[in-house]
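Q: Following this message is one structure expressed as structure tokens.
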Amino acid sequence: MNRFDYQRATDVTQAIGLADQAASTGQVRFLAGGTNLVDLMKEDVEWPRTLIDVNRLPLRAIEELPDGGLRLGALATNAETADHPIVRARYPVLASAILSGATRQLRNAATDGGNLNQRTRCCYFYDTATPCNKRAPGTGCGARGGFARMHAILGASEQCVATNPSDMAVALAVLDARVRVSGPQGERLIPLADYHRLPGDEPWRDNNLAPAELVTAVDLPPGDFGTYYTYLKLRDRLSYAFALVSVAVVLARDDAGRCTDVRVALGGWRPSRGACPRLKRCCAAARRTARGSGRSPRACSKARSGWATTISRSNWRAGPSCGPWNRRRAGGRNRTPTNGSPDGADMNRSER
């Protein structure tokens, strides 16, 4: 066991002050559910000098916002979020994504803030006998010349090809959520699409948090996202497995049946969460076509063609070891589609 200092904060200001003070002495980590951090410490992957327990902070509430949106407290557990009646009614794609990950026991302990900040599940990151720039900067990336089946298709660099494992973050990206953080310089909002970083030349930095900053909440915008949605996750087995690739889609239609909004976000394909720029342009074109012509099938057809072209043209970017061949081996049988019910109750027998 590596020696570390343990401190318990009772309010946000105190937690930030303790983190700011301890930052000069070594690595500092906030501790909530600990479902990822404790494992990393046990595996000798992370060695924080200071742990600041934030479980007593008043950040567990899930409450409506004046503009009609919803605020998820950073300490609300994944289970509480997925089971919340407003989430299930207005943002069921988020409930579906959360329920597709981990187990009930882990979802009861894991927090929303911790889910966003979990580390990659790259096997080279966890294996301290192999090189990993994310774990030990400057040692190299073992995955680039090794087993890379679960690694990035896009957005990787020569330094790192690891992906972010969060299912919840994919749904938050498609909903255009914003992450509320507090730090020594005050409070700020970070769009979910800008929260996680691409590896670039600094793969050890997973997100854009400044030192001593703490996630306090996630804000969901108002909108009609409760009727047409899906979260599809391809993985090696139907439970307790991370995505080889996943997709979250939400669609809105007016009273005439015309498409008024369509959003797509992908997971398991790049180090950060969010929509591919080409996909976003295709979705915008689909919205304009739908509003102008009134023929939503034509809009959907154009968007579908654009998405297929985007994927087929982009497969080569991360190099041969991370290309489409590795993903195709996963097959399509182990998938978790959830169209219409957050708990996947409408899946047919073969999909279960």
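The values are calculated or read from the model by the stated rules, or taken from the named source; none is laboratory data. These numbers were taken from a predicted model, which means no experiment stands behind them. In this analysis, Cβ positions are derived from the backbone assuming ideal geometry, glycine residues included, and neighbour counts consider all displayed protein chains.
Q: Please go through the range 201-236 and give me each residue that is at positive phi and modelled with pLDDT under 95, ordered by number.
A: Scanning the range 201-236 gives a single hit, Gly223.
Q: Residues being part of a strand (DSSP E or B), in contact with a helix residue (DSSP H, G or I) (Cβ under 7 Å, 6 or more places away or on another chain) and either at pLDDT below 85 or among the small types (Gly, Ala, Ser) (or both): count how many of those fall in the range 247-259.
A: Number satisfying all stated conditions: 2.
Q: Test of understanding: among Pro131, Pro191, Pro137, Pro184, which residue is touching a helix residue (DSSP H, G or I) at 6+ places or on another chain (Cβ under 7 Å), surrounded by fewer than 18 Cβ atoms within 10 Å (Cβ to Cβ) and touching a residue at least 12 places away in the same chain (Cβ under 8 Å)?
A: Pro184
This table checks each residue for (1) modelled with pLDDT of 90 or more; (2) in a helix (DSSP H, G or I); (3) in contact with a helix residue (DSSP H, G or I) (Cβ under 9 Å, 6 or more places away or on another chain).
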residue: Leu238; (1), (2), (3): no, no, no
residue: Ala265; (1), (2), (3): yes, no, yes
residue: Arg270; (1), (2), (3): no, no, no
residue: Arg281; (1), (2), (3): no, yes, yes
residue: Ala284; (1), (2), (3): no, yes, no
residue: Thr289; (1), (2), (3): no, yes, yes
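For every residue, the table says whether it meets (1) modelled with pLDDT of 95 or more; (2) within 15 Å of Pro199 (Cα to Cα); (3) of a type in the set (Lys, Arg).
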site	(1), (2), (3)
Asn108	yes, no, no
Gly113	yes, no, no
Thr128	yes, no, no
Cys132	yes, yes, no
Arg149	no, no, yes
Ala152	no, yes, no
Cys160	yes, yes, no
Met168	yes, no, no
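Q: In addition: Take Asp112 and decide whether it is surrounded by fewer than 19 Cβ atoms within 10 Å (Cβ to Cβ) and not hydroxyl-bearing (Ser, Thr, Tyr).
A: Considered against the rule, which asks whether it is surrounded by fewer than 19 Cβ atoms within 10 Å (Cβ to Cβ) and not hydroxyl-bearing (Ser, Thr, Tyr), Asp112 comes out as no.
Q: Out of all the residues in the range 96-108, which are more than 17 Å from His84 (Cβ to Cβ) and either surrounded by fewer than 21 Cβ atoms within 10 Å (Cβ to Cβ) or without any contact (Cβ under 8 Å) to a residue 12 or more places away in the chain (or both)?
A: Scanning the range 96-108 gives Thr103, Gln105, Leu106.
Q: For the range 79-105, give me each residue that is of a type in the set (Ser, Thr, Tyr) and part of a helix (DSSP H, G or I).
A: Correct list: Thr81, Ser96.
Q: Within the range 20-52, which residues are of a type outside the set (A, V, I, L, M), within 21 Å of Glu213 (Cβ to Cβ) and out of contact with any Gly (no Cβ under 9 Å at 6 or more places or on another chain)?
A: Selection gives Gln21, Ser24, Thr25, Gly26, Gln27, Arg29, Glu46.
Q: Exactly one condition in (1) in contact (Cβ under 8 Å) with a residue 60 or more places away in the chain; (2) touching a Cys at 6+ places or on another chain (Cβ under 9 Å) is false for Leu232; which is it?
A: Answer for Leu232: the failing condition is (2).
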